[in-house]
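Novice: Can you keep this structure in mind? I'll have questions shortly.
Every read-out reported here was derived from the displayed coordinates using simple, explicitly stated rules and does not represent laboratory data. Nothing here was measured: the structure is a model prediction, and the numbers come from that model. Every residue, glycine as well, gets a Cβ built from its backbone with ideal geometry; the counts of neighbours run over all protein chains shown.
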Amino acid sequence: MIKLKTITKRTKRLGRGQSSGRGKTSGRGMNGQKSRTGASTTLKNGGQTKFYIGLPKTKGFKAIEKKYISINAERLNGIIDDGKKITKEEILNKLKIPASDKSLKIFSLKSLKSKAIFDSSIILSKPKER
């Protein structure tokens, strides 16, 4: 029977005696921060001020942009016909809102008087359950 060589290389075992070649200090050198357990030197700058503290603060409030255009259902009362399927483009045209790649979200559906069928691209908000 033919034996195949193993593809993976065995990792060097550290700290297993001086004759192993990686004993005693286990390749970490003598003393110092990096030789200690759990040592990290990230974002430190010697005895000086930490690196990230030296950076300037960013100015202004960075608002997270909504991924949808929100519309109250009351605005649609005079526009929508009963039983007609309505698309996002129709609503934006009738309300004179510039076209956008954002999705459309309609709030407070209880105030909507007509019974319309909305396209699947329009998000209908559901009231919070208590």
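Novice: What pairs come out if I take residues in the stretch 12-27 that are without any contact (Cβ under 8 Å) to a residue 60 or more places away in the chain and pair them with residues that are among the hydrophobic types (A, V, I, L, M, F, W, C) and surrounded by 11 or more Cβ atoms within 10 Å (Cβ to Cβ) whose C-beta lies under 7 Å away, six or more apart or interchain?
Specialist: These pairs meet every condition: Arg22/Leu14; Ser26/Leu14; Gly27/Leu14.
Novice: A further question on this structure: Could you grab me the full set of residues in the stretch 72-130 that are in contact with a helix residue (DSSP H, G or I) (Cβ under 9 Å, 6 or more places away or on another chain), among the β-branched types (Val, Ile, Thr) and not in a strand (DSSP E or B)?
Specialist: Ile79, Ile80, Ile91, Ile97, listed by residue number.
Conditions tested, residue by residue: (1) surrounded by 10 or more Cβ atoms within 10 Å (Cβ to Cβ); (2) among the basic types (Lys, Arg).
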site	(1), (2)
Thr6	no, no
Leu55	no, no
Lys62	no, yes
Phe118	yes, no
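Novice: Would you mention how many residues in the stretch 57-98 are over 17 Å from Ser121 (Cα atoms) and small (Gly, Ala, Ser)?
Specialist: 4
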